[in-house]
Amino acid sequence: MELLLGFCNWSTLGLCAALKLPQISAVLGARSARGISLPSLLLELGGFLVFLRYQWYYEYPLLTYLEYPILIAQDLILLLCVFHFNGDVKRAAPYIALCVSAWFILTLQKWILDLAMNLCTFISAASKFAQLQYLWKARDSGAVSALTWGLASYTSATRIITTLMTTNDLTILLRFLIMLALNMWVTATVLRYRKTAVKAE
């Protein structure tokens with residue numbers, strides 16, 4: 001069991017170190033943020049921030065959440081890329097300031113953090129639905145990376161295992177089950193519209 005736990009923790013950490021790099025690379029290569037839903041990205045960033053703060057506050061084992069600072073940094077880079085290619089990188093400043101403020105506000109009272117964590121699953125799910133809605137509307141996956149979403153599916157699956165083996169926190173377990181399903185749905189949708197765009201050409 002220790003071997004499985006170690007494999008899940010380290011493979012998740014390793015993949016998350018590069019999780020958003022295919023997406024960032026696709027955006028930079030296309031010199032466009034076409035296909036990237038800004039509301040989805042902002043909701044995901046908020047969900048990651050709350051989740052990291054919750055795990056940190058309750059002193060869960062570091063390896064069960066060590067990827068979140070990396071994911072947050074990558075999302076911030078992607079956010080800057082989206083604003084850059086949409087023509088106004090300065091518009092990212094209020095969002096970054098909000099993230100920094102939220103880090104401190106979340107732990108002013110224990111109930112604030114607990115409430116935020118309970119809402120975190122809905123926030124993260126909303127980020128996936130925002131991306132799905134954007135894809136359905138555009139019927140084009142644009143610069144969206146199927147690899148990034150596929151890797152996110154894998155890391156959700158491994159975090160289900162690590163949660164069951166370490167904290168057994170039902171709130172976290174439910175979050176990862178929902179994220180696994182939604183990440184797989186986004187991956188399938190990206191691939192569907194990628195094939196549609198290739199056929200149309």
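Computed from the coordinates by the stated procedures, all read-outs in this text should not be read as laboratory data. Since the structure is predicted, the reported quantities are computational estimates derived from the model, not experimental observations. Glycine also receives a Cβ, built like all others from the backbone with ideal geometry; neighbour counts cover every protein chain displayed.
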Considering only ALA143, SER124, ALA93, whose Cα is most displaced toward the positive end of the charge dipole of the chain, charges sitting on Cβ of Lys, Arg (+1) and Asp, Glu (-1)? ALA143
Treat each spin label as a single point 7 Å out from the Cα along the C-beta direction, and report the ASN86 to PHE7 distance in nm. 4.1 nm
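So if each residue of separation counts as 0.36 nm, and I subtract the Cα-Cα distance between VAL100 and THR171, what length gain in nm does that give? Don't jump to the answer; show the numbers that get you there.
Details: separation 71, 0.36 × 71 = 25.56 nm, distance 2.42 nm.
Residue separation times 0.36 nm, minus the Cα-Cα distance, leaves 23.1 nm.
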Evaluate Rg over Rh across the stretch 11-115, taking Cα atoms for both radii and Kirkwood's formula for Rh. 1.01
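Could you order peptides 144-152, 168-176 by the average number of other Cβ atoms within 10 Å of their residues, highest first? Before the final figure, lay out each step's value.
Working: 144-152: 22.0, 168-176: 16.7.
Output ranking for 144-152, 168-176: 144-152, 168-176.
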For the chain, how many pairs of lysine residues have a Cα-Cα distance under 21 Å, where the two are 8 or more positions apart or belong to different chains? 5
What is the spin-label model distance, in nm, from TYR58 to LEU38 if the labels are put 7 Å beyond Cα along the C-beta direction? 3.4 nm
Within the stretch 1-71, GluC sites (Glu not before Pro) in DSSP loop having at most 13 other beta-carbon neighbours inside 10 Å: GLU59
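In debye to the nearest 20, how big a dipole does the chain give about its Cα centre with +1 on each Lys and Arg Cβ and -1 on each Asp and Glu Cβ?
Details: 16 positive and 10 negative charges, 155 e Å.
It comes to approximately 740 debye.
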Positive-end residue of THR167, LEU66, GLY14, charge dipole of the chain with Cβ unit charges: GLY14
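Tell me the relative contact order for the stretch 42-201 as a rounded percent, counting alpha carbon contacts under 8 Å between residues six or more apart. Before the final figure, lay out the partial values.
Numbers: 135 pairs, mean separation 43.9, N = 160.
Taking the mean separation of contacting Cα pairs over the length of the stretch 42-201, I get 27 percent.
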What nm value, rounded to one decimal, do you get for the distance between LEU108 and ALA138 when each label is placed 7 Å out toward the C-beta? 3.7 nm
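Just the projected area, averaged over all directions, of the convex hull on the alpha carbon atoms of the stretch 51-162: how many nm²? Walk me through the numbers before you get to the answer.
On the way: hull surface 32.2 nm².
Computed as one quarter of the Cα hull surface, the answer is 8.1 nm².
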Debye sum, Cα scatterers, the stretch 99-182, no solvent: what log₁₀ I/I(0) at q = 0.12, 0.15, 0.17, 0.22 1/Å? -0.47, -0.71, -0.86, -1.10
Report ³J(HN,Hα) in whole Hz for each residue of the stretch 149-164, in order, from the Karplus equation J = 6.51 cos²θ - 1.76 cosθ + 1.60 where θ = phi - 60°; Gly and Pro get x. 5, x, 5, 5, 5, 4, 5, 5, 5, 5, 6, 5, 5, 5, 5, 5
If you take the Cα atoms of the chain, find Rg, then find the Kirkwood Rh from the mean of 1/r over all pairs, what is Rg/Rh? 0.97
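Mean 1/r over all different Cα pairs, inverted: what Kirkwood radius does the stretch 89-139 give, in Å? Mind dumping the intermediate values first?
Values: mean 1/r = 0.0768 Å⁻¹.
It is 13.0 Å.
Do you know the relative contact order of the stretch 1-114, to the nearest whole percent, from alpha carbon pairs under 8 angstrom that are 6+ apart?
Numbers: 80 pairs, mean separation 38.7, N = 114.
Averaging sequence separation for qualifying contacts and normalising by length gives 34 percent for the stretch 1-114.
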